[in-house]
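Worksheet for the structure shown next.
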Amino acid sequence: MPTITLNKNEFEKLVGKELPLEELKDRISMLGTDLEKIENNEIHVEIFPNRPDMLSEQGFARAFSSFIGVKTGLRQYEVKKSGLKVIVDSSVTMRPYTACAIVKNLQFTDERIKEIMQAQEKLATTHGRNRKKSAYGIYPLKSINFPVKYTAKDPAKVMFQPLGFTYKIKASEVEELHPAGRKYKPLTEGWKEYPFFIDSKENVMCMLPYTNSHDTGKVSADTTEVFIECTGTDLINVQTALHMFVTLFADMGGEIYSLEVQYPDKTITTPDLTPRRKKIDLSYVNKRLGLQLTEKEVQQLLERMGFGYGAGEALIPAYRADILHQVDFVEDIAIAYGYENFKEEIPNVATIGEEAALETFLTKIRDIFVGLSFLEVKNYHLMTVEDLNIKMNLQMDTVVPLRNALGEHNHLRNSLVPSLLKNLSENQHHEYPQSLFEIGRVFTSHKDAETGVEEKEKLALVLAHEKSDFTEAKQTVDVLFKALGMKVNVKEIDHRSCIPGRVGEIVVGEEVLGFLGEVHPQVLNNWNVEVPVVIAEIEVEKVFALLRT
Amino acid sequence: METADIFQSLILKLHPLERAVLPQLIAHDELSKIAKAAKLDETETMRALQWLENKGALHLQKQKKQLIFLGKNGTIYKKSGMPEKLFLGALSDEFKGVNVIIKKSKLSREEATAALGILRKKNALDLKKEQELLVKITLVGKTMLSEQFPEEKFLQQNFPVELEKIENKILLDLLLKRKELLKVEEKTETHVALTDLGRQLAEVDLGAEVTNRLTPKMLKEGSWKKQQFRAYDVEVNVPAIYGGRKHIEQQAIEYIKRIWLDLGFKEMTGNYVQSAFWDLDALFVPQDHPAREMQDTFYLNKKAQLPEMWKTIKKVHETGEETESKGWGGEFKKEETEQVLLRTHTTVLSARTLANLKKEDLPAKFFAVGKVFRNEALDWKHLFEFYQIEGIVVDPQANLQNLKGYLTQFYKKMGYSKVRMRPAHFPYTEPSLEVDVFHPGKQQWIELGGAGIFRPEVVIPLLGFDCPVLAWGQGLARIIGEYWNMQDIRDLYKNDVKQLREWKVFLR
C-alpha cells in the first residue's frame, strides 16, 4: 500500500490546527490511515487503497482537518468556465475516456512540484491501477493551443520529443527507448494505434500511456497556469482522478476552470464538482453499528468526514472514489464516531457449537499416536518434485505443480511420506528411536474435481531406529485399527519406495486404506538416512467414511 | 540422627557402582586406574565418583597432562628394533654397496636414508663414493651394536608416559622429530582426594550387598521380609526419556477451536485449492485488485468449474445489480474468475458457507482454523503457508459492537485482556477494522488480524438477502511465536526432534 510523506509544518498549516504529538499520532491512526512514523518533522502515513484522495498532502490534510473538527462539512470549490475545448476522436477505442481541467493563479516551488509529481505517480499506481485504468498529465497552459485533440494514431507515423529527451524519435520507438515505455508496454498489448493529445498547431502533447512531450514542456517554478488531462478506460474513474487533482490545486490557492470535452456523441463539461447525492437510511446506519444516533448526530459525523448532508441525503465530494453503497457511509460514520468508543457486547443469541466430524475423528487418531509415544510433525504442503518422486524412487504424474512459486517449493505434495523422511534426515543427530507421525492434506490431479485437484486427509508414520522392521509397523497399524474397532488385512504389493516382499497394502474388503512397509535402502540413501525406517500411510478420510456407514 | 546412624544410612544408600569403587580408593587416586581396579568402565566409575562427591566423600580434581604415546613407527620399532640398529647390523668390515645393505636390513629406502644419516653423525660407519655409495662399519659402530641403544631403552617404557616425568629431554626431542615415532596428546586426568568421610567409607567393611531391586520372586516367596533395600539418592539426576506429543501448533489449534465451540460456533472446513471465483470474486475483490497479482498468490495451471451463480457475481462487480451498489465498473472477466489458486484466506470458507445457508438457519455462527497461502520466499519472519482463525456471525441483529464483543471474548481466553479496533480497509467488509491486542509483557499493542462486516455486495448474492455478517480473519503464527518465544518463525515447521520433545505444552 502506498505511503506518503508529509512536512509536519506544512501539514499543520493546511489543517489549521497544531495537535500535541501523541494526539496527532492517535488521530492519524484512528482516521483510517496507518501511521508509520513521525520523525525529523516528517510524517509518514500509509494510505488504504479505498482513499486515493488522501494521497496528497492537501487531500490528507483536508480529510484530517474535518476529522478533528477544524473545517468540517463539504468543501465548496468554485469552477469557472474557460470556454476552451478538448475534442475526443472516435479512434481512441483502446482508452476512450478523458476528463480535463485548467487551474490558474498557482504559485509553484520546486518542493511543491516534487510533491505533485509524487501524488500523480501514487494516484496512477492505485486509483489508476498502474496506469491500466487511468493515467494523468499536467502541462504548463501557456504552450498549448486550443482546441486540443485526443486522438489515436499509428505510432510509426508520429515523431515527437519525449520529455527528458534531447531529440525527436518515432513514437513507435518509445517502448524501446523510454523507461516508461518499457515499463508499461504490457498495457498496450494488441494496440495498433496509440492515443495522443495533440494541440491545434499539431504539437504532440503526450503519448499514452507513456510520456509527455518536450514541446509542451514541463511544469516549473514560474508556471502559474496548468492544463490537466486524465485518460483511461472508465469515465467515472478519470473524472474522479481529475477531481482529486483540481481540489488539490485549489487547496494550494489555485482557481479551477472547466473545459468542454466533446465526444463524438455528446459533450460534457469537466471538471464537475457537483457533489453526488445518495440516500442515507438512519435506521440502517444504527442497526449496523449498534448505536442510536439521531439524524443531527449522523449529519455531524458525516461532516467530520467531509460529507455534506441534507434531507436524508449525503452529499458526496466529487473527489471521493469509494462510495459504492450507503454501507460506505456507515464506515465513515463509525470512524468519525471513533472505533475506540464502541462498546463490547455479546448478544444473547443461542446457537449450538459443532466441530466438523472428520476433525473430531482426526483428534482421536492423534491421541492414539501420542499414546504410542509418537511425535506429531507438521510439514509444508509445498515441496520439490525431486523430493516427491525422484528421492522416493517413484514417477507419479499426478503431482500438481504451481505456476508461479517464488521459492523452490513449487509442487503440492501427493504423499506425507517424503516429508517424514526429510524430517528423519534432518534429525540424525538426535536420539533414536524416532517415531513421527503427521496428519495432513495431500493433493493429486483429478480432471473431474471442481478445481482439477483432489484433496485428501492422510495419516503417515515413520519408525526409525537400529532394529525397526515390518513387524513393528504392522503392530502399530494394528493398534490403530483395533482402537477403531476395525478388522483389516494386509496384502503384499509392489511399492518402489519399499523393499520387495516387505510391503503390503491395508485392506478392508475391496477397499484399500493405505500401505505399510520397510523403506528401500536406495530411498534411505537418497534421503541420506542412516538407520532402517518403516513407514505406513493411511487414508484417514476413507477410514472415517467406512466407520460412518 | 546420631552420627553413627547417619554413617550407617549412608552405607545403605550406596549404589552397587559406589560399592565397587570405594575399596579401590585407598590404593588408587586416578580415574583410569580406579576403573581398572574396580573392573568397571570409566563412565561407570565416573558416575560413581560423582555420586560420592555429592555425598561429601571425596573431591574430584581435573588435571591437564601432556602424555606421550607411541606412534605407528614407534610401535614397530619397539618390537623389531630401531632402523639404525638394523642398518648397522647389516654392515660388515668391508665396503659394500648401500643397496645391498638396504636389502639385507629389510628397511624402506626412506628409513635407510634416515638411519644412514644418523649413524654417520655418530661415526658408526664409513662412506666411500664410487659408482655407487659404499659403506662399512667402524669400531665405534661395533661398540654401539654390542650395547642397547638409548632410543630402544626409551621405547621399552610403558606408554603412555607423562611428558613431565621424562628425564632425558634431549633424546625426547630427537625422537619427537622422527616420523610417526612418538606423539604428544593433552589429556585431562581426574584425580580423587578423599575426605575424612570418604576415607572411613573406603576402609569400612560395607557388609553384604544390600538389595537393589524388588523382584516378583521376592514378593512371591516372601523373601523381601529378610531383605534390606538400598536407599536411593533421590536427588540425583536421571537419564531423560521422551513421550509422545502433539505438535505445538496443533495444541494451540485445539484450544482455539474449543473457544469457538463453547461460544456456539460451527466449524467450517474446505479445500486448500480454490477457484478465484470463491476466493476473491464472490468476496467482491475487484478483478484488478493489486493483491490478485502473481506475486501474492500461488496459481495453478488449471481451470475451475464455476457454479451458476457466477453470472450474478459478474453483474454485481460490473453494476452492483440488486445490491443497491454501483459495483466496481469495468468488465468482469470469466477467465479471471476461473483461475485456480491456493486459498489466500479462510474467508473463502465463509463465502461458501453463506452460499449454502438458508433464511431459517439464522442466526448462525461459524468458525474455521485453516491453512492459507501467500507466495513469499521463506525467511525468519515469513512463511508461505500459515493458519488463519476465521469466524462469521450471520445474524439479522448483529452489529459492530457485537463484533468487538466476540473478538474481545476470544482474546481474553487467549490471554490478552485488552482489544483495540482501528479503521482499516478490505474490499469485502464495510466497516473494516484492524484488531490489536495489548501485550502485557511487551507493554505494547500488537496487530493480530482483520475484521469487519461483510458488504452487501458479498452477502446479497451469496445468501439471497441482506443481513449483517460479522467476519474476522486473525493470524495464529504471531500468537504461537509469542507463546513459545520463537525468534525464527521457520522453527514452527522445522520439526526438530529435540524441540518437539522439549517444547512446553500449550498451557491454556
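The values are calculated or read from the model by the stated rules, or taken from the named source; none is laboratory data. No experiment lies behind these values; they were computed from the predicted model shown. Quick reminder, even Gly has a Cβ in these numbers, built from the backbone with ideal geometry, and neighbours come from all protein chains shown. Heads up: the accessible areas ignore ligands, DNA and RNA and are worked out on the full protein's heavy atoms, side chains in. Shrake-Rupley method; radii C 1.70, N 1.55, O 1.52, S 1.80 Å.
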Using a simple spin-label model with points 7 Å from Cα along the Cα→Cβ vector, what separation in nm is obtained for B:Trp445 and B:Thr319?
4.3
Once you charge only the Cβ atoms, +1 for Lys and Arg and -1 for Asp and Glu, what is the size of the charge dipole of the protein assembly as shown about its Cα centre, to the nearest 20 debye?
2360
Tabulate in residue order the Karplus-calculated ³J(HN,Hα) for the range A:2-16, using 6.51 cos²θ - 1.76 cosθ + 1.60 with θ = phi - 60°, rounded to whole Hz; enter x for Gly and Pro.
x, 10, 10, 10, 10, 7, 4, 5, 4, 4, 5, 4, 5, 5, x
Report the FRET efficiency, 1/(1 + (r/R0)^6), for A:Asn528 and A:Val385, where r is their Cβ-Cβ distance and R0 is 22 Å, rounded to 0.05.
0.75
Å² per residue, accessible surface of the range A:3-67 at 1.4 Å:
38
Rounded to the nearest percent, how much of the accessible area of the range A:357-548 (1.4 Å probe, protein heavy atoms only) is carbon and sulfur?
48
Summing -39500 (n - 2.57) over every DSSP H run of at least 4 in chain B, dividing by its residue total and rounding to the nearest 500, the 222 nm mean residue ellipticity is -10500 deg cm²/dmol
Given R₀ = 41 Å, what would the calculated FRET efficiency be for B:Phe95 paired with B:Asn158, taking r from the Cβ atoms and rounding to 0.05?
0.50
Chain pair A, B: how much accessible area is buried, both chains summed, with a 1.4 Å probe, in Å² to 100?
8200
Distance between modelled label sites at B:Ile241 and B:Thr215, nm, 7 Å Cα→Cβ extension:
2.1
Rounded, prolate or oblate: which one fits the range B:400-473, using the alpha carbon gyration tensor with axes a ≥ b ≥ c (rounded when a/c is under 1.5, else prolate when a/b beats b/c, else oblate)?
prolate
Report relative contact order for the range B:249-502 in percent, whole number only (criteria: Cα-Cα under 8 Å, sequence separation at least 6).
20
Loop-located GluC sites (Glu not before Pro) in the range B:81-186 whose Cβ has at most 15 other Cβ within 10 Å (DSSP):
B:Glu94, B:Glu130, B:Glu132, B:Glu147, B:Glu167, B:Glu180
Taking all protein chains as present, what is the carbon and sulfur share of the accessible area of the range A:32-165, in % to the nearest whole number, probe 1.4 Å?
46
Minimum 30 Å² accessible area buried by the other protein chains, the range B:292-331 residues, probe 1.4 Å, relative to alone:
B:Met294, B:Phe298, B:Tyr299, B:Leu300, B:Asn301, B:Lys302, B:Gln305, B:Glu324, B:Lys326, B:Trp328
Rounded to the nearest 10 degrees, what's the angle between the helix A:327-337 long axis and the longest principal axis of chain A, both from Cα atoms, 0 to 90?
80
Quick shape check on the range A:79-270: root eigenvalues a ≥ b ≥ c of the Cα gyration tensor, a/c under 1.5 is rounded, otherwise prolate if a/b tops b/c, else oblate, and it reads rounded
For the range A:3-67, build the charge dipole from Cβ charges (+1 Lys, Arg; -1 Asp, Glu) around the Cα centre, then report which of A:Leu14, A:His44, A:Thr33 sits farthest towards its positive end.
A:Leu14
Could you grab the relative contact order for chain A? Cα pairs under 8 Å, six or more apart, rounded to a whole percent.
12
If you stretched the chain out fully between B:Asp233 and B:Phe438, how much longer would it get, using 0.36 nm times the residue separation minus the C-alpha to C-alpha distance?
69.1 nm
May I ask you to list the residues of the range A:123-158 whose amide nitrogen lies under 11 Å from a point 7 Å from Cα along the Cα→beta-carbon direction of A:Glu176?
none
Top positive-direction residue, dipole computed over chain B with Cβ charges, set B:Ser32, B:Tyr416, B:Leu349:
B:Ser32
Between B:Lys79 and B:Asp205, what FRET efficiency comes out of the Förster formula 1/(1 + (r/R0)^6) with R0 = 35 Å and r the beta carbon distance, rounded to 0.05?
0.15
For B:Val469, distant residues with modelled amide H under 5 Å away
B:Phe454
In the range B:253-284, which residues give up 20 Å² or more of accessible area once the other protein chains are added, compared with their chain alone (1.4 Å probe)?
B:Glu254, B:Lys257, B:Leu261, B:Gly264, B:Lys266, B:Glu267, B:Thr269, B:Asn271, B:Tyr272, B:Val273
Which entries in the list B:Lys266/B:Lys418; B:Lys303/B:Lys334; B:Lys121/B:Lys179; A:Lys85/A:Lys168 go over 21 Å, if you measure between the two C-alpha atoms of each?
B:Lys266/B:Lys418; A:Lys85/A:Lys168
Would you mind working out the accessible area per residue for the range B:249-502, using a 1.4 Å probe, and quoting it in Å²?
34
Rolling a 1.4 angstrom probe over the protein heavy atoms, how many square angstrom per residue are accessible across the range B:70-169?
63
Which residues of the range A:130-154 bury at least 10 Å² of accessible area once all protein chains are present, versus their chain alone (1.4 Å probe)?
A:Asn130, A:Lys132, A:Lys133
Could you give each residue of the range B:387-401 its phi-based ³J(HN,Hα) in whole Hz, using Karplus coefficients 6.51, -1.76, 1.60 with θ = phi - 60°, and x for Gly or Pro?
8, 10, 9, 10, x, 9, 10, 9, 8, x, 9, 5, 8, 4, 5
Protection proxy (average C-beta count within 10 Å per residue), highest first, orders A:13-20, B:11-18, B:54-61 as B:11-18, B:54-61, A:13-20
Rank B:Leu10, B:Trp445, B:Val435 by how far each Cα sits towards the positive end of the charge dipole of chain B (+1 on Lys, Arg Cβ; -1 on Asp, Glu Cβ) and give me just the farthest.
B:Leu10
For the range A:55-153, which GluC sites (Glu not before Pro) pass both filters: DSSP loop (anything but H, G, I, E, B) and at most 16 other C-beta atoms within 10 Å?
A:Glu78
For the range A:357-548, calculate the relative contact order in percent as a whole number, restricting contacts to Cα pairs under 8 Å that are 6 or more residues apart.
21
Size of chain A as Cα extents on the principal axes (Å, biggest first):
93, 65, 49
Compute the signed sum of charges (Lys and Arg +1, Asp and Glu -1) over the other residues within less than 10 Å, Cβ to Cβ, of A:Ala61.
-1
Percent accessible area from carbon and sulfur atoms, chain B, protein chains only, probe 1.4 Å:
50
Roughly how many debye, to the nearest 20, is the charge dipole of chain A about its Cα centre, given +1 on each Lys and Arg Cβ, -1 on each Asp and Glu Cβ, and no other charges?
1920
Around A:His520, which amide H atoms from residues at least 5 apart in sequence, or from another chain, sit under 5 Å from its own amide H, with H modelled in the peptide plane?
A:Cys498, A:Ile499
Using unit Cβ charges (K, R positive; D, E negative) and no other charged atoms, how large, in debye to the nearest 20, is the dipole of the range B:276-422 about its Cα centre?
720
Residues with amide H under 5 Å from that of A:Ala152, placed H, sequence gap 5 or more
A:Ser91, A:Val92, A:Phe196
So how tilted is helix A:295-304 from the main axis of chain A? Cα-based, degrees 0 to 90, rounded to 10.
80
Nearest 10, in degrees from 0 to 90: the angle of helix A:470-483 to the longest Cα principal axis of chain A is 70
Taking a ≥ b ≥ c as the square roots of the Cα gyration tensor eigenvalues, with a/c under 1.5 meaning rounded and otherwise prolate when a/b beats b/c or oblate if not, chain B comes out oblate
Each residue of A:349-361 has, on average, a number of other protein chain C-beta atoms within 10 Å of its C-beta equal to 6
Length gained, A:Met117-A:Asp234, 0.36 nm per residue minus C-alpha separation, equals 39.9 nm
Karplus couplings for the range A:24-32 from phi (6.51 cos²θ - 1.76 cosθ + 1.60, θ = phi - 60°), rounded to Hz, Gly and Pro as x?
4, 4, 4, 5, 4, 6, 8, 7, x
